[in-house]
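Since the structure comes first, as structure tokens, the remarks are kept for the end.
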Amino acid sequence: MTGIIDFYFDFGSPYAYFAASRAEQIAASHGRALIWRPVLLWVCRNHFGMVAPLQDGPKADYMPLDFKRSAAFHGLPFVWPPSFGKSTHAAARLFYAMAERDADIATDFARRALDAHFGRGADLRELGTLADIAAEAGLPRQHATDLGTTDSAKAKLQQVNDEAIAAGVWGSPFFVVDGERFFGADRLPQLDWRLAQGRGAEREAQ
């Protein structure tokens, strides 16, 4: 691996759901590690004085149709979850608690949680639902129930929120590679292009 790609996202973001698998493919094709970093988007946007997307006037009217259209474009199922627009702190805390034990299992949990949330309409506020998803990723349900409420998980989420703000993250998904920022699932082709430029420069230098 020649470097990493920081993948900041909120578990409540449909666009993160649309982008995740493609982002992993792009990272792998360029020898990069995609680092999943869930955040609470409302914390980031509040810091920058920005309203929630669903409170953003015409944008709020635009998004429902765009969600369905984008899902169809990416060939993914889409269900409007009952918890849409609510804080996803429970899922993010559980992710970081799992990551302390096994980063691969935590990443698998994140993939499954996005799929469950937007592909099946699962409510990520429910600890039982999160425990079921964690069990699918390989963590016993009881361990998941206990881990999601630890002080260390809460502190880690706060730390990553602070790091996201310092990096200028205000949307989801948000990718940071070599100090350059890319916002949105629709910027993945540009991320791919930028990484290809870097690989070309590496080959010329050899």
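Applying the criterion of being within 18 Å of LEU124 (Cα to Cα) and of a type in the set (D, E, K, R) to the residues of the range 56-111, the residue that is farthest from the chain's Cα centre (by Cα) is LYS86.
Here's the yes/no breakdown for (1) in contact with an Asp or Glu (Cβ under 6 Å, 6 or more places away or on another chain); (2) within 30 Å of ASP56 (Cα to Cα):
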site: ASP132; (1), (2): no, no
site: ALA137; (1), (2): yes, no
site: SER152; (1), (2): no, no
site: VAL177; (1), (2): no, yes
site: GLN190; (1), (2): no, yes
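A Cβ distance below 9 Å, combined with a sequence gap of six or more or placement on separate chains, defines the contacts here; from the range 134-150, residues that are in contact (Cβ under 8 Å) with a residue 12 or more places away in the chain and of a type in the set (A, V, I, L, M, F, W, C) reach residues that are buried (at least 22 other Cβ atoms within 10 Å of the Cβ) and part of a loop (DSSP other than H, G, I, E, B) in the pairs ALA134/GLY148; LEU147/LEU139. In the range 47-64, the count of residues that are over 27 Å from GLY128 (Cα atoms), crowded, with 18+ Cβ neighbours inside 10 Å and either at pLDDT below 95 or in contact with a Ser or Thr (Cβ under 9 Å, 6 or more places away or on another chain) (or both) is one or more. When ARG111, ARG125 are checked against the criterion of being surrounded by fewer than 19 Cβ atoms within 10 Å (Cβ to Cβ), over 26 Å from ILE26 (Cα atoms) and in contact (Cβ under 8 Å) with a residue 12 or more places away in the chain, a single residue qualifies: ARG125.
Among the residues of the range 75-105, those that are farther than 26 Å from ASN46 by Cβ and among the hydrophobic types (A, V, I, L, M, F, W, C) comprise LEU76, PHE78, VAL79, MET98, ALA103, ILE105.
With the structure loaded, tell me whether PHE78 is in contact with a Pro (Cβ under 8 Å, 6 or more places away or on another chain), part of a helix (DSSP H, G or I) and at negative phi or whether it fails that test. Spelling it out, it is not the case that PHE78 is in contact with a Pro (Cβ under 8 Å, 6 or more places away or on another chain), part of a helix (DSSP H, G or I) and at negative phi.
Filtered by the rule that a residue be under 17 Å from the mean Cα position of the chain (by Cα) and without any contact (Cβ under 8 Å) to a residue 60 or more places away in the chain, the range 39-51 gives a lone residue, TRP42.
When we screen LEU124, LEU54, LEU94 for residues that are under 25 Å from ALA137 (Cβ atoms), out of contact with any strand residue (DSSP E or B) (no Cβ under 9 Å at 6 or more places or on another chain), assigned to a helix (DSSP H, G or I) and among the aliphatic types (A, V, I, L, M), the only hit is LEU94. ALA91 meets each of the listed conditions (1) among the aliphatic types (A, V, I, L, M); (2) surrounded by 14 or more Cβ atoms within 10 Å (Cβ to Cβ); (3) without any contact (Cβ under 8 Å) to a residue 60 or more places away in the chain apart from (3).
In the range 168-206, the qualifying residues are those that are among the small types (Gly, Ala, Ser) and not in a loop (DSSP other than H, G, I, E, B), and the one that is modelled with the highest pLDDT is ALA185.
Each residue in the range 128-163 was checked for being of a type in the set (S, T, N, Q) and either crowded, with 20+ Cβ neighbours inside 10 Å or over 16 Å from ALA99 (Cβ atoms) (or both), and 4 of them qualify.
The values are calculated or read from the model by the stated rules, or taken from the named source; none is laboratory data. Because the structure is predicted, anything quoted here is derived from the model rather than measured. Positions of Cβ are backbone-derived with ideal geometry, glycine not excepted, and every protein chain shown enters the neighbour counts.
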